[in-house]
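**Q** Below are the C-alpha cells for one structure; questions will follow.
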Amino acid sequence: MTDRITSPFGMRSTAKEVAAGHDLTGVNAIVTGAASGIGVETARALAEAGADVLLAVRNTDAGQVVADDINRAGKGVATVGKLDLSDLASVGSFATSWGDRPLNILINNAGVMACPLGYTAQDLETQIGTNHFGHFLLGALLARALMNGADEGRASRLVSLSSIGHRRGGVVFEDIHYRNRPYDKWESYGQSKTANALFAVGFHARFADLGVTANAVMPGGIRTPLQRHLTDEEMRAFGWIDEQGRVNDRFKTPEQGAATSVWAALAPELEGVGGLYLENCNQALPWSEANPFEGVLPHALDPEAAERLWTVSEETTGARL
C-alpha cells in the first residue's frame with residue numbers, strides 16, 4: 001500500500017489530541033450514541049474545538065447529563081436529540097427535526113453487540129437492524145443537510161463505525177435477518193459491522209461528487225457499555241479481562257477509542273477521500289493471521305457487495321437516493 005494514508009497519530013492518541021489545532025467554530029455535527037462510551041468523548045472533542053454538537057441518543061436524560069458536562073468546558077454547544085435506531089419511525093422523526101439545515105459532520109457511532117436474538121420495531125434482526133439499517137436511513141435522510149454543509153474546498157463527512165468484528169463474515173443476503181438459519185450473536189455482530197463498512201463505500205460512491213465523503217472506522221477494543229450483553233466469564237475467555245477484572249493492555253481508553261472517529265471527521269489528509277476503512281488514525285492495512293486484531297478484509301470494502309447492500313437497504317427502509 002504505497003499510497004496508504006497515514007497521520008502523526010496512532011493507537012494511543014486521544015480524541016482531544018487529534019482535534020487540537022482545529023477551529024470548528026460554525027461547524028455542525030451529529031454524534032449518535034453519545035450518551036456513553038466513546039460517543040461521549042467524540043462529542044466532547046468536537047465541542048471543545050468549537051463545533052456545535054447534537055447528541056443523538058435513546059436516553060435523553062443520560063444524554064443531557066453528558067451535554068451539561070461538555071457545555072461546562074466546550075467552546076461549542078452540545079444539545080440532545082431523541083433517536084432510537086432500532087425504530088425507523090424514530091429515525092424519521094429525528095431527521096425531520098433537523099431538516100435541511102447545514103450539517104458538516106455525521107458520526108454514526110451508536111451500536112449494539114452480541115445481544116440475544118431479537119427484532120426491531122420493523123421486524124429486522126436487532127444487530128443489523130440497529131447498527132446498519134437505522135444508520136442507513138439516518139444518512140439517507142440527512143444527505144441533503146450534509147450536502148448543504150459542504151463548503152467550497154471542504155466536503156462534509158460521514159463517519160461509519162465498523163469493527164474488527166467484520167472479520168467474522170460478510171452480509172448473508174439470502175437470510176440477513178436469521179429467519180431460517182441458526183442465530184449466532186457474534187456472526188450477527190460481524191455481519192452488521194461489515195454492513196457499516198460497506199455503507200461507507202456505497203455512500204461515498206454516491207455523494208463524493210456532491211460534496212460529502214464517507215469512511216468507516218475501527219475504534220479499537222474499549223471497555224464500555226457496548227459489552228453489556230457479555231458476562232465476565234465470556235470476557236475472560238476472550239482475554240479481554242483477567243481474573244481480577246483488569247482490562248487487557250491492548251484495550252484503549254474511551255478517549256483513545258474516539259480518536260479515529262475524530263481523525264476521520266477532521267483530518268486534512270482525508271479531504272475528498274472516502275470509501276476507506278480506518279483504524280488507529282491511519283488507513284488500515286489488509287488483515288492477516290499474524291495480526292488478527294487489526295486490518296481489514298476485502299469483503300468489507302467490496303464495491304459489488306456495497307451496491308447489493310444499498311439496494312436491499314433502500315427496499316428495507318423505504319429510502320430512495
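Bear in mind that the values in this text are calculations on the coordinates, not laboratory data. Just so you know, these numbers come straight off a predicted model, no measurement behind them. A quick note on method: Cβ atoms are made from the backbone with ideal geometry, for glycine too, and the neighbour counts reach across all protein chains shown.
**Q** Once the Cα gyration tensor of segment 76-212 is diagonalised, what are the square roots of 5 times its eigenvalues, in whole Å and ordered largest first, as equivalent ellipsoid semi-axes?
**A** 28, 17, 12
**Q** Right, here's the next one. With a 10 Å Cβ neighbour count serving as the proxy for reagent exposure, in which order, fewest first, do C115, C281 appear?
**A** Listing C115, C281 from fewest to most nearby Cβ atoms yields C115, C281.
**Q** Ok, one more. Given Cα pairs under 8 Å that are at least 6 residues apart, what percent is the relative contact order of segment 15-316?
**A** Relative contact order for segment 15-316 comes out at 18 percent.
**Q** Pairs to check: K16/K193; K82/K252; K16/K75. Give those whose C-alpha atoms are more than 22 Å from each other in this structure.
**A** Violating the 22 Å limit, Cα to Cα: K16/K193; K82/K252.
**Q** Still on this structure, I have one more. Which peptide among 32-39, 80-87, 65-72 comes first, and what is the full order, when sorted by highest mean count of other Cβ atoms within 10 Å?
**A** Ranked by mean Cβ neighbours within 10 Å, highest first: 32-39, 80-87, 65-72.
**Q** Report the Cα centroid-to-centroid distance between segment 256-321 and segment 77-101 in angstrom, as an integer.
**A** 23
**Q** Here's something else I'd like to know. Helix hunt in the chain: which complete DSSP H runs extend at least 18 Å axially by C-alpha with mean Kyte-Doolittle at least -0.5? Numbers along the way, then the final one.
**A** Details: long enough: 185-207 (33 Å, -0.33); 303-317 (21 Å, -0.82).
Helix filter hits for the chain: 185-207.
**Q** With each run of n ≥ 4 DSSP H residues scored as -39500 (n - 2.57), what mean residue ellipticity at 222 nm is computed for the chain after dividing by its residue count and rounding to the nearest 500 deg cm²/dmol?
**A** -10000 deg cm²/dmol
**Q** Report the chymotrypsin sites (Phe, Trp or Tyr not before Pro) located in segment 62-127 that are in a DSSP loop and have at most 11 other Cβ atoms inside 10 Å of their Cβ, or state none.
**A** Hits after loop and neighbour filter: nothing returned.
**Q** Also: Mind checking Rg over Rh on the chain, alpha carbons, Kirkwood formula for Rh?
**A** 0.93
**Q** Next question, about the same structure. Within the set of other residues whose C-beta is less than 15 Å from the C-beta of I164, count the net charge using Lys and Arg as +1 and Asp and Glu as -1.
**A** Net local charge, I164 excluded: +1.
**Q** When the chain is modelled as a GNM with alpha-carbon springs shorter than 10 Å, which of G26, G190, G139 fluctuates the most?
**A** Between G26, G190, G139, it is G26 that shows the largest mean-square fluctuation.
**Q** Where does the charge balance sit around R44 when Lys and Arg score +1, Asp and Glu -1, over other residues with C-beta under 9 Å from its C-beta?
**A** -3
**Q** Further question: Could you work out the local net charge near A264, counting Lys and Arg as +1, Asp and Glu as -1, over the other residues with Cβ closer than 12 Å to its Cβ?
**A** Combined, the nearby Lys, Arg, Asp and Glu give -2.
**Q** Quick one: Cα centre-to-centre distance for segment 182-222 and segment 1-34, in angstrom?
**A** 18
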